[in-house]
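This report refers to the structure that appears directly beneath it.
The values are calculated or read from the model by the stated rules, or taken from the named source; none is laboratory data. Just so it is clear, the structure is predicted and the values come from calculations on it, not from any experiment. With ideal geometry, Cβ positions are generated from the backbone for all residues, glycine too; neighbour counts draw on all protein chains shown. Calculation scope for accessible area: heavy atoms of the full protein, side chains included, ligands and nucleic acids excluded. Shrake-Rupley method; radii C 1.70, N 1.55, O 1.52, S 1.80 Å.
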Amino acid sequence: MSGRELFMAAPAPHAHVGADVGRTMRRVQLALLPATLFGFWIFGWPAVNLFVITVGASLLTEVFCERLRGCESRLWDGSALLTGWLLALSLPPWAPAWIGALGGFIAIAIGKQVYGGLGQNLFNPAMVARVALLVSFPVVMTHWVAPLPLGSEGAPGFIEGLRITLGVVPVPDAVTSASLLGHAKTELSRGMDLAQALDAAGGTLSAWHGARPGSLGETGALLLLLGGLYLLVRGVIRWHIPVAVFAGLALPAAVAHAIDPSHYLPATTHLASGAVVLGAFFIATDYVTSPNTASGQLLYGLGIGLLTWIIRSWGGYPEGIAFAVLLFNALTPVIDRYCRPRIMGRTRRGAPIRATQGSAE
Amino acid sequence: MGILDRFLRAAHFSGGVHPDDHKRPAADAPLRVMPPPARVYVPLVQHIGSPARAVVAVGDLVKMGQRIGEPQGAVSAAIHASTSGRVVAIGDIVAPHPSGLPVRGITIESDCRDEWCELEACDDPFALDPAEIGRRVAQAGVVGLGGAAFPSAVKLSGGLGARVELLIINASECEPFLSCDDRLMRDRAAEAVDGIAIMLHATGAREARIGIEDNKPEAIAAMRAAVAGQARIRVEVIPTRYPMGSEKHLILVLTGREVPAEGRPSDIGVVVHNVGTAVAVRNAVRFGRPLVSRIVTLNGACVREPGNVEVPIGTLAGEVLAFCGGMRGDHDGPARLLLGGPMTGMQVPTLEVPVIKGTGGILVLDAAEVGEGDGGPCIRCGDCMRACPVGLLPLEIAARVRAGEVDKAAGFGLADCIACGCCAYVCPSRIPLVQYFHHAKGELAARARGTQRNETIRTLTRAKADRIERDEREKAEALARRTAASLAAASEASAAVEKAAAGTNEESGACA
């Protein structure tokens, strides 16, 4: 029989299902891959550069903070990589390098490590960074470009892309564009009829196939949907949050559009544009910052969807999902408090159920 | 059972896990009976409750089945010699416990003849008074063989007072790797059903339902054949889901009814016994045969011949392993030694520990079977919550325990935790949740004991103060009474004097 230390007492159970945190993170990354590659393709080299910088900054910040805190390195569980990845997908694809670097730093240092690292943060780190950048640098953060697929005429080559990313050359005016939601907001504020404005912008359809201005990763809505379904099938996430987010956004949108189509976008446009699909499957479902119980998750998702619709319809920003997610992250502890499962043998309020003597069944 | 019925049964029970069962090929190997080893080491406590008291001395010759330990207290069980031979020591032996600490026990050197002592047989157990059946079961030292080892007589005769209507036989055997109940049902179905009929008679229940998980088709067929003539006993096929063997979950699945928290099955008219216990009860009542052996599953990747063995109580686990061909030589070597199943069983430091009445398995697992891996912080994935069959939030409880807030942990239902291990089984961060809960429960119990002690001290102090006060009051009253009495006496005396004086005057007057 081998060494004595083999038989140091370990607590039951002496079996394990085999899951680990790294596997979960890798599955989410796999689910994001198609939409990310699609984003690289339609936005070209500057987008690739931005992605590398954002992810790199996140990983470096993680290592730096772990050194500072003197704790064991958890770099390889993939959580910092995922945070950087999600942040990159939510940035304007041609944003300058410093935006990515600063964003990665904010996400990890302020969004995660100051709370005590993985599992301790109250807010989604990627969304903390995105919102911090958006309110600090609104012009850079809303500088969208029209899709210019790799290899197409006018698309920047690798060197040109690097110069754009590093800010040596400005983004040419010819390629800048407004996102669909931004366009609708501007037109509405000019008193335009929404239906006409949408027709001019090419309607909803372009939003679904992804060749539209927007964040690096949000435009491939169908690919994100595919990734989300993969996560559902794999059991990484459950349906409650995404479905509730979609319902919370689509139901009020449909009602409002039915009442006043000239002022309110249709539900399909809402669902297909902006970062709803990315947010519903990949951001709102963040384990650490979302409720645990099914009822809590439904409540949370509905709230995010509804708030997103409210911000888009009446708020100061064309897109609101990042704000909505952060607000409901803050409400998660409260939701968790009121949505607890019933304990076996007890009533919902926690008192023992009454014993009923009588014939069994 | 129809598909809908099966679905409804599964729906009753939320949570739980489905570990790879690893029951075969051990379950399919025929049951073997192990001859008595050279020595048996019989601990005096093999049950929940107070230890038994040794009633033999070193040097005594004992026969198999002879009582060597007398139960002490209401929840205790008698201990019997599991072989015939000579008592060579009474004292410390290594306990079948993770600590490897010693426990008091009796060592018997076998004469290898297995001569039974005289046994009190009974031809018709159904003519016996239920109380008499309870007495015989207690005499035989029968405890629950499902693992918890609660003295069976207490539960059987408890039924007399509590009006038990339904007897549930726990044959679910949900622990992975274990197949001792499966094997027992395949090979001794008729004995088990006879025992169940005796238990029905003893508890006064109207019917019995035998719950068997659907991953044991051979046992189900054998038991169905054995209950053929019995109108009041039914075999119920239940879904395979851990922890189906938990008493409360089995009741829920079979009856749709929940046992109230802080309550017992008897509160809803149900009593649950393990199927192995039924055979032990039958042997005790029909033949007066005490519980001196049990079926143990030998399993794990490191065991050369996995299977089920009937083992005399007190046999060292290592000798049972040797009987099964020992450890495989072509293997990396064992990662963990366990008594019981991997979900709730305990790790032991050595195989030099005796098999006791509650030992259902001896497992020698390799690293792959244990599923060792790196842990990490909680990412609040909620897997533990979905796995919890009781409806708890293990992650929230663990967070409170880690912060040292055991009171808050208790507020999340810590006391309702059945320590089944489902949460820790699924945790991707491999947080030892069950250990946290045991720790917190221990802390709360210690605190409750402390509070009780303080309460006792306060009561005694108050009683003492009261007593002193009463004594003083009584003393004062006595003094007052005495004073009053002496005053009265004095005034009486003075009155008498006055009277006398007056009388004198009168007299004198009269005289005058």
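With respect to the numbered conditions (1) of a type outside the set (D, E, K, R); (2) free of Cβ contacts under 8 Å to residues at least 24 places away in the same chain; (3) more than 24 Å from A:Leu231 (Cα to Cα), which one is the sole condition not fulfilled by A:Leu75? Going through the list (1) of a type outside the set (D, E, K, R); (2) free of Cβ contacts under 8 Å to residues at least 24 places away in the same chain; (3) more than 24 Å from A:Leu231 (Cα to Cα), A:Leu75 breaks only (3).
Answer yes or no: is there a residue in segment A:77-87 that is under 30 Å from B:Val17 (Cβ atoms), within 9 Å of chain B (Cβ to nearest Cβ) and within 18 Å of the chain's Cα centre (by Cα). Within segment A:77-87, one or more residues are under 30 Å from B:Val17 (Cβ atoms), within 9 Å of chain B (Cβ to nearest Cβ) and within 18 Å of the chain's Cα centre (by Cα). Residues of segment B:392-412 that are within 23 Å of B:Arg430 (Cβ to Cβ) and facing chain A (nearest Cβ under 9 Å): B:Leu392, B:Leu393, B:Leu395, B:Glu396, B:Phe412. The number of residues in segment A:118-157 being under 20 Å from A:Leu331 (Cα atoms) and crowded, with 18+ Cβ neighbours inside 10 Å comes to 12.
Let's see how each residue does on (1) open to solvent by 50 Å² or more (accessible area, probe 1.4 Å); (2) assigned to a helix (DSSP H, G or I); (3) within 17 Å of A:Gln29 (Cβ to Cβ):
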site	(1), (2), (3)
A:Arg212	no, no, no
A:Leu251	yes, yes, no
A:Ser262	no, no, no
A:Leu265	no, no, no
A:His270	no, yes, no
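Residues in segment B:406-421 that are among the β-branched types (Val, Ile, Thr) and open to solvent by less than 10 Å² (accessible area, probe 1.4 Å): B:Val406 only. Considered as a group, the residues in segment B:263-274 that are at the interface with chain A (Cβ under 8 Å from one of its Cβ atoms) and in contact with a Lys or Arg (Cβ under 9 Å, 6 or more places away or on another chain) include one that is farthest from B:Val390 (Cα to Cα), and that residue is B:Gly269. The number of residues in segment B:75-115 being in contact with a Ser or Thr (Cβ under 7 Å, 6 or more places away or on another chain), closer than 27 Å to B:Val137 by Cβ and within 14 Å of chain A (Cβ to nearest Cβ) comes to 1. Considering only residues that are part of a loop (DSSP other than H, G, I, E, B), surrounded by 23 or more Cβ atoms within 10 Å (Cβ to Cβ) and of a type in the set (A, V, I, L, M), look in segment B:380-405 and name the one that is farthest from the chain's Cα centre (by Cα). Filtering segment B:380-405 for residues that are part of a loop (DSSP other than H, G, I, E, B), surrounded by 23 or more Cβ atoms within 10 Å (Cβ to Cβ) and of a type in the set (A, V, I, L, M), the one farthest from the chain's Cα centre (by Cα) comes out as B:Leu392.
Out of A:Pro34, A:Pro93, one residue alone is surrounded by fewer than 20 Cβ atoms within 10 Å (Cβ to Cβ) and away from chain B (no Cβ under 14 Å). It is A:Pro34. Just one of the numbered conditions (1) within 13 Å of A:Pro242 (Cβ to Cβ); (2) modelled with pLDDT of 95 or more is not true of A:Leu306: (1). Restricting attention to segment B:406-436, the residues being in a helix (DSSP H, G or I), under 15 Å from B:Met343 (Cα atoms), of a type outside the set (A, V, I, L, M) and in contact (Cβ under 8 Å) with a residue 24 or more places away in the chain number 3. The number of residues in segment A:288-303 being more than 10 Å from A:Ile241 (Cβ to Cβ) and touching a residue at least 60 places away in the same chain (Cβ under 8 Å) comes to 2. Taking segment B:69-93 as the range and being aliphatic (A, V, I, L, M), part of a strand (DSSP E or B) and crowded, with 24+ Cβ neighbours inside 10 Å as the test, only B:Ile79 passes. Looking only at residues of segment A:158-179 that are modelled with pLDDT of 75 or more and within 26 Å of A:Ile321 (Cβ to Cβ), we find that the one that is least open to solvent (accessible area, probe 1.4 Å) is A:Thr165. Take the conditions closer than 30 Å to B:Pro349 by Cβ, of a type outside the set (Val, Ile, Thr) and open to solvent by 70 Å² or more (accessible area, probe 1.4 Å) and apply them to B:Arg53. Does it pass? Answer is yes for this residue. If you go through segment B:358-379 and keep only what is charged (D, E, K, R) and surrounded by fewer than 24 Cβ atoms within 10 Å (Cβ to Cβ), you end up with B:Asp366, B:Glu372, B:Asp374.
With respect to B:Gly269, is the statement that it is small (Gly, Ala, Ser) and closer than 22 Å to B:Arg206 by Cα true? First the steps, then the outcome.
Working: small (Gly, Ala, Ser): yes; closer than 22 Å to B:Arg206 by Cα: yes.
So B:Gly269 passes the test.
Here segment A:332-358 is the region considered, the condition is being crowded, with 17+ Cβ neighbours inside 10 Å, of a type outside the set (S, T, N, Q) and part of a helix (DSSP H, G or I), and the residue that is farthest from the other protein chains (Cβ to nearest Cβ) is A:Ile335. When restricted to residues that are surrounded by fewer than 16 Cβ atoms within 10 Å (Cβ to Cβ), among the charged types (D, E, K, R) and under 13 Å from B:Ser82 (Cβ atoms), segment B:28-44 contains 0. Scanning segment A:314-331 for residues that are in a helix (DSSP H, G or I), more than 14 Å from every other protein chain (Cβ to nearest Cβ) and touching a residue at least 60 places away in the same chain (Cβ under 8 Å) returns A:Ala322, A:Phe323, A:Val325, A:Leu326, A:Ala330. Please verify whether segment B:246-260 includes one or more residues that are in contact with a strand residue (DSSP E or B) (Cβ under 6 Å, 6 or more places away or on another chain), open to solvent by less than 40 Å² (accessible area, probe 1.4 Å), within 14 Å of chain A (Cβ to nearest Cβ) and part of a loop (DSSP other than H, G, I, E, B). Among the residues of segment B:246-260, at least one is in contact with a strand residue (DSSP E or B) (Cβ under 6 Å, 6 or more places away or on another chain), open to solvent by less than 40 Å² (accessible area, probe 1.4 Å), within 14 Å of chain A (Cβ to nearest Cβ) and part of a loop (DSSP other than H, G, I, E, B), which makes the answer yes.
Within the option set B:Val355, B:Val320, B:Val364, B:Val370, being more than 30 Å from B:Ser14 (Cα to Cα), in contact (Cβ under 8 Å) with a residue 12 or more places away in the chain and within 11 Å of another protein chain (Cβ to nearest Cβ) holds for one residue only, B:Val364. Taking (1) of a type outside the set (Asp, Glu); (2) surrounded by fewer than 24 Cβ atoms within 10 Å (Cβ to Cβ); (3) more than 14 Å from chain B (Cβ to nearest Cβ); (4) closer than 26 Å to A:Leu133 by Cα in turn, A:Leu299 satisfies each apart from (4).
Of note, A:Thr285 does not satisfy the criterion of being more than 20 Å from A:Leu222 (Cα to Cα), within 14 Å of chain B (Cβ to nearest Cβ) and either crowded, with 22+ Cβ neighbours inside 10 Å or over 15 Å from the mean Cα position of the chain (by Cα) (or both). Scanning segment A:312-361 for residues that are modelled with pLDDT of 95 or more and among the aromatic types (Phe, Trp, Tyr) yields A:Phe323, A:Phe328.
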